[in-house]
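Input: a single structure, listed below in structure tokens.
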Amino acid sequence: MRPTQEPIGLDLTRTGRLLSRAFDDELVAAGASLPVWLILTALKGGDHAMQRELAAAVGIDDATLTHHLHRMEADGLVVRHRAPDDRRQQLVELTAEGEELFGRLLGAVTGFDRRLRAGFDADQLAALRASLARLRANVG
């Protein structure tokens, strides 16, 4: 027997994949990837200059972050240096090129967000956020 409605989890999965691909495409068109955007955002926030803190803020392990930072450093987006008070720690800073890329990506992210919000009023967006929070709580 076939259900009359698709399970909400399947609908959400399809929607999430579609949105994720579209967001990735926007970032790539602007010159980066999602991991680069997350790293730039965390660095721009100013609270995560230590490499370990940065990994936790972005939600990736140290080895994966090291891989991304190596490429970002080679591209001139960040510089790393040892912390003066603890030589085992690495500090990460944005370069001028990293700042410029952040601005370009911010424009792409803002434009993508505007597209997603089209046709929703403030109450509908608040209800959507509440519904998404409830779904996260239900599986968390």
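Search the structure for amide H atoms under 5 Å from the amide H of Q89, placed 1.01 Å from N in the peptide plane, and list their residues when 5 or more places away or on another chain.
A83
Give me the Kirkwood hydrodynamic radius of the range 43-97 in Å, from all C-alpha pairs, to one decimal place?
Taking every pair of different Cα atoms in the range 43-97, averaging 1/r and inverting gives 11.3 Å.
Separation between the F120 and K44 pseudo-spin-labels, each 7 Å from Cα along Cα→Cβ, expressed in nm?
Between F120 and K44, the simple spin-label model gives 2.0 nm.
Sort I39, I8, I60 so the one with the fewest other Cβ atoms within 10 Å of its own Cβ comes first.
I8, I60, I39
Go through F102, L125, A83 and say which Cα lies farthest out towards the positive end of the charge dipole of the chain; charges sit on Cβ, +1 for Lys and Arg, -1 for Asp and Glu.
The listed residue farthest towards the positive side: L125.
Using a 10 Å cut-off around each Cβ, can you sort M72, M50 from fewest to most neighbouring Cβ atoms?
Result, fewest neighbours first: M50, M72.
Report the dimensions of the range 11-139 along its three principal axes from the alpha-carbon atoms, largest first, rounded to Å.
Taking the Cα atoms of the range 11-139, the three principal extents are 50, 32, 24 Å.
Quick one: putting +1 on the C-beta of Lys and Arg, -1 on the C-beta of Asp and Glu, what dipole do you get for the range 11-139 around its Cα centre, in Debye to the nearest 20?
Here the size comes out at about 400 debye.
Which order results if S33, S131 are arranged by neighbouring Cβ count within 10 Å, fewest first?
Ranking S33, S131 by Cβ neighbours within 10 Å, fewest first, gives S131, S33.
Each label point is 7 Å from the Cα along the Cα-to-Cβ direction; what then is the distance between the points at A83 and S33, in nm?
About 2.7 nm separates the two model spin labels.
Any read-out appearing in this document is the output of simple, stated calculations on the displayed coordinates, not a laboratory observation. None of the values given here were measured: they were computed from a predicted structure. FYI the Cβ positions are ideal-geometry reconstructions off the backbone, even for glycines, and counts take in every protein chain you see.
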